[in-house]
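Please treat every number below as a calculation from the coordinates, not as lab data. Keep in mind that this is a model prediction, so the values were computed, not measured. Using ideal geometry, Cβ is built from the backbone for each residue, glycine included, and neighbour counts are taken over all protein chains shown.
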Amino acid sequence: MESIIKQIEDPELLAQIEKLVPFHGYLSSGAFIGLQMFNLARKILEIQEGERIYVTCETRNCIPDPFQILGGATTGNKRLKIKELGKMAVTVNKQGPEDAKVEGIRILLDAEKTKAYPKLHAWYLNTAKIPHREVLPELLAAGEAIYSWEKVELEVPVRAKKRIQRCEKCGEMFILHKNELLCGTCTE
Ligand SMILES: [Zn+2]
């Protein structure tokens, strides 16, 4: 893994990897794909350093982490949403006014394009067990060439006032979604 990182010459990418590795635990193929998606979104949407971004990841695996550690979009600050669709895809947008439309970008790891990189392709489709150290050089070589992206229009939701309810069964407090009387634990 160290030898792969040593091949990287771009100082910005290296600095990003230095932050990502301790956060994610190691440099996985998925985390690196998330990093490439993050950089592509930054370029297309012209996101400046420190600018707020909002992210929806279509998988829980790996890809959210670079957006959390490098983009400051976390589940806790609600700028990162996970839609578990099992897809290597992500939608990114900048901050926009409430109840209005904002431009975003959806980026997908495109299986038509990964075909040109046999190890990466086999890893992606899980047709063979390929270690990260063999996938990463292909990801590095491919760069942006393996992604497809499109601009999307997103609705910025109106922030609803938070209402707290005491559950009629267990007595614990919870945030109301509608007008339910029982908490999620008690209705499970
Ligand atoms: Zn309850």
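Worth pointing out:
- Within the shell of other residues whose beta carbon sits under 14 angstrom from the beta carbon of Ala100, the net charge comes to -2, with Lys and Arg scored +1 and Asp and Glu -1.
- Per-residue ellipticity at 222 nm computed for the chain from its helices equals -10000 deg cm²/dmol, with DSSP H segments shorter than 4 residues left out and the rest contributing -39,500 (n - 2.57).
- Residues in the stretch 86-128 reached by a label modelled at Glu155 [backbone nitrogen below 13 Å; 7 Å Cα→Cβ]: 99-102
- Where a label projected 7 Å from the Cα of Gln95 along Cα→Cβ would reach, residues of the stretch 43-65 with amide N under 14 Å: 48-55
- Dipole axis of the chain (+1 Lys, Arg; -1 Asp, Glu on Cβ), positive-most option in Ala142, Ile8, Leu181: Leu181
- Summing +1 for each Lys or Arg and -1 for each Asp or Glu among the other residues whose beta-carbon sits under 13 angstrom from that of Ile146 gives -1.
- In the chain, Cα pairs under 8 Å separated by at least six residues give a relative contact order of 17 percent.
- Theoretical FRET efficiency, 1/(1+(r/R0)^6), r = Cβ-Cβ of Thr75 and Lys162, R0 22 Å, to 0.05: 0.80
- Computed extension gain for Leu182 through Arg52, at 0.36 nm per residue and net of the alpha carbon distance, reaches 43.2 nm.
- Here the chain is described by how far its Cα atoms reach on the three principal axes: 59, 35, 31 Å, from widest to narrowest.
- The local environment of Leu109, defined by Cβ-Cβ distances under 15 Å, has a net charge of -1 under the rule Lys, Arg +1 and Asp, Glu -1.
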